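Colleague: Please find one structure pasted underneath; my questions will follow.
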Amino acid sequence: MAATTEPTVSAQDVAASADATKKKTKKAIADNIKYAGIESVMPVKLKTSNAKGRFIAAAKDIPAGTIVSIEKASASVVRNQSFSNICHHCFKPAKLKQMTRPRVDAQGNQIANQVEKFNVPTHSCTKCKMAAYCSEACQKEHAAEHDIQCPALAQVNSLATANKVMPENLRAVLALIGRRAAEKAANRDQAPDFASSISTAKPTPFGCVLDMNPNRHFTDREKLKDAENALKDLIALVPEHARVTLSEAVELYCIFYSNQHNISVNNQQVLALYPITSLYFNHSCIPNCVYVGEVDGVICVRTMTDVPADTELTISYVEICQPREQRRRDLLLTRHFWCKCRRCSTLLSKSVDRFMDGIQCSECQNGVMIFEETKEVQDINELMTDVAALDQEIQGKFAQCESCPAQIEVTKLVDVLKAAITDYGAAHQTLQTGDFNRGRLMLEKFIKDYESTHILSPYNAYLVNTYTTLMNVCTQMQDLDRAIRYNQVVVERMEGIEGAVPTNYPRLVEYHFTLGDMCLKQAKKKASNRTPLGRNTTRKYLSEAKSSLEKAYEGRKVVFGENSPSTQAAKRLFEESKREYNAYTKSLEKKKKKPAVPAPAPAAQPTSPAAAPAPAAAQAQKETSASA
Ligand SMILES: [Zn+2]
Ligand SMILES: [Zn+2]
Ligand SMILES: [Zn+2]
Ligand SMILES: [Zn+2]
């Protein structure tokens, strides 16, 4: 997994002797033989190179929206926040039943005549209380795996607390142990199988899990020790026939930790392991593919753009709408490599990345200040232990305006950015307390302070994110007119610089959807206002709704496929917006044709945000299902 589209320097590479490199290449070639079956069901071919190791490429020209991989997880855990909401076997929403229990005070004494109501899944394991199912059938199907985990699962939370380990990570190890034992019992062949459709996908066998890199030496030593202590007690609770050794358990822990995918299924969060996807789809900060969580814990990798034959297929492991430095640090901390993808290795002055944390030149107020990073990260181990080393790099260096001779000390530039980040953080903290009014004012002040004064580039990621947050806050506050305006800015900025996000980038597609959805709602609400201004607004909203929803529909078709419920939802709204637009423009024409009895033009009504209908955001979010 620790590979990028371009050569990645990792500690292993540096230490590797020619022998080790040979061994690695040999392993990559052997893997390509083992996984070659994918080439007969998908338009792809498996390749190796000394620099990249394994990778996957288009076998022919592939249009956007083509499925290039379907994989069912080897093991998965429902995240804590979603624990009772979905089935731990098939991920369908769990049915809930209402229970009551006596209400108790802080001392644990029952409060007289008071009961508390709460929901629990209709089917859950009564022994460990750590697994929820949608049906008896799912519970039965999962029994072979669950029975092995059950006694240990019952102790997971207390062991996690005692050793300061994430319970989710411990559950992940148990899921892998359960998978291994169930496959052994069923005599399942450990060769990978490759599905050509979602419904026929079988979990990638445990044998493939061990092909992934545990990146053990990158995991913080102390944390690893804590995990080891928890795992020792945990595996002692696993039935003897299914037990693994402590060193095997640690290996599984590291494999899951550094290769997991966080997927969203039915709007719930699941951590899952996909060996084939992890082994072959390398990271790029300007990827041409996207992965989407489907029912049953299957992920589909689809092309986001048209991909010419022989081009490497890539996905992104991090949010790409953030500064280069931030992406690289995220990747370093979570995936243990220093990104040298094409985008990251292009000179900053020639890359769209110069805008992402761009500070405007105070002299010409035109160009952004550029500081080319000179540090070449050779030793990841050293960097992992001292991320601050990156900060020392800038001492005594100067940044240069891209369009005039102005220069500024990089440390001063960093101070500006730090001040912006502090203000940005303060506004978000205020929002978290639930004080939307004050939070909104702070965000609007942020724009005044940093954009209107030409301090930050309009494409600066903090500014764009401020508009995104403002859009959400205004939706919450039912001020849809402002929410629409902010949503428009976000879309303009994301599309404004070529190459910042790929066409059909899921986040952008969803912004088109929310924009179209809000415009349609507002247009309907304002349709009764027949003043010239009202008519104009309604028509503008309907026209924006139509074009945004068309983009959302086209984008979702690519990202999720034509038949996905979210694509169908966008299609329905798009068609509705077309109908509404046509009907409205027709009604205006009719009016024009009527003999002119000039009606007294009433004064333009100020639009009242207070009268807005139910919040659009909640609705829009509901419809934005399974995004990766
Ligand atoms: Zn189920
Ligand atoms: Zn149980
Ligand atoms: Zn990169
Ligand atoms: Zn300048």
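Colleague: Using the alpha carbons of the chain, what is the convex hull volume per residue in cubic angstrom, as a whole number? Each step should come with its number before you reach the end.
Modeller: Details: hull volume 131.2 nm³, N = 628.
It is 209 Å³ per residue.
Colleague: Follow-up question, since we're still on this one. Where does helix 18-34 land angle-wise versus the long Cα axis of the chain, in degrees 0 to 90, nearest 10?
Modeller: Roughly 80 degrees, rounded to the nearest 10.
Colleague: Under a 5 Å amide H to amide H cut-off, with H placed in plane at 1.01 Å, what residues pair with residue 265 once short-range neighbours are removed?
Modeller: Distant-sequence amide H within range of residue 265: 270.
Colleague: Beyond 19 Å between alpha-carbons counts as too far, so tell me which of 45/184; 418/445; 551/578; 24/47; 164/225; 202/232 fall in that bin. Spell out each step's value before the answer.
Modeller: On the way: 45/184 31 Å; 418/445 16 Å; 551/578 13 Å; 24/47 14 Å; 164/225 10 Å; 202/232 31 Å.
Where the Cα-Cα span goes over 19 Å, the pairs concerned are 45/184; 202/232.
Colleague: May I pose another question? Which aspartates and glutamates have a Cα less than 17 Å from the Cα of residue 129, not counting those fewer than 8 places away in the same chain?
Modeller: Straight-distance partners of residue 129: 145, 147, 168.
Colleague: Further question: From the Cα gyration tensor of region 271-312, with a ≥ b ≥ c the square roots of its eigenvalues, which class applies: rounded if a/c is under 1.5, or else prolate if a/b is larger than b/c, or else oblate? Write down the numbers at each step before the final one.
Modeller: On the way: a/c = 2.25, a/b = 1.67, b/c = 1.35.
Note, shape of region 271-312 comes out prolate.
Colleague: Does region 175-263 come out rounded, prolate or oblate, given a ≥ b ≥ c as the square roots of the eigenvalues of its C-alpha gyration tensor, rounded meaning a/c under 1.5 and, failing that, prolate meaning a/b above b/c?
Modeller: Details: a/c = 2.56, a/b = 1.43, b/c = 1.79.
In terms of gyration-tensor shape, oblate.
Colleague: Would you calculate, for the chain, the mean residue ellipticity at 222 nm contributed by helices, counting each DSSP H stretch of 4 or more residues as -39,500 (n - 2.57) and dividing by all residues, to the nearest 500? Write down the numbers at each step before the final one.
Modeller: Numbers: 22 runs with 301 residues, N = 628.
Computed ellipticity for the chain at 222 nm equals -15500 deg cm²/dmol.
Colleague: Order the peptides 456-467, 143-154 from the highest to the lowest mean number of other Cβ atoms within 10 Å of their residues.
Modeller: Working: 456-467: 22.2, 143-154: 20.5.
So the peptides 456-467, 143-154, ranked by packing, come out 456-467, 143-154.
Colleague: Sticking with this structure for a sec: For the pair residue 507 and residue 122, how long in nm is the line joining their label points, each one 7 Å along Cα→Cβ?
Modeller: For residue 507 paired with residue 122, the spin-label model returns 4.0 nm.
Colleague: Which parts of region 155-190 would a label at residue 143 reach, counting a residue when its backbone N lies under 19 Å from a point 7 Å out along Cα-to-Cβ?
Modeller: 178-187
Colleague: Starting from the amide H of residue 370, placed 1.01 Å from N in the peptide plane, find each other amide H under 5 Å away whose residue is 5 or more places distant or on another chain.
Modeller: Residues meeting the amide H criterion: 400, 401, 402.
Colleague: Does anyone have the angle between helix 506-526 and the longest principal axis of the chain? Alpha-carbon axes, 0 to 90°, nearest 10?
Modeller: Once rounded, the angle reads 40 degrees.
Colleague: If you line up the long axis of helix 221-236 against the longest principal axis of the chain, both from Cα atoms, how many degrees apart are they, to the nearest 10?
Modeller: The angle comes out at about 60 degrees.
Colleague: Please list, in chain and number order, the residues 5+ apart from residue 75 or on another chain whose amide H is under 5 Å from its amide H, with Hs placed from the backbone.
Modeller: Counting only residues 5 or more places away or on other chains, the set is 273.
Every number in this text was worked out from the coordinates using simple rules, so none of it is lab data. Computed from a predicted model, the values in this text were never measured in an experiment. With ideal geometry, Cβ positions are generated from the backbone for all residues, glycine too; neighbour counts draw on all protein chains shown.
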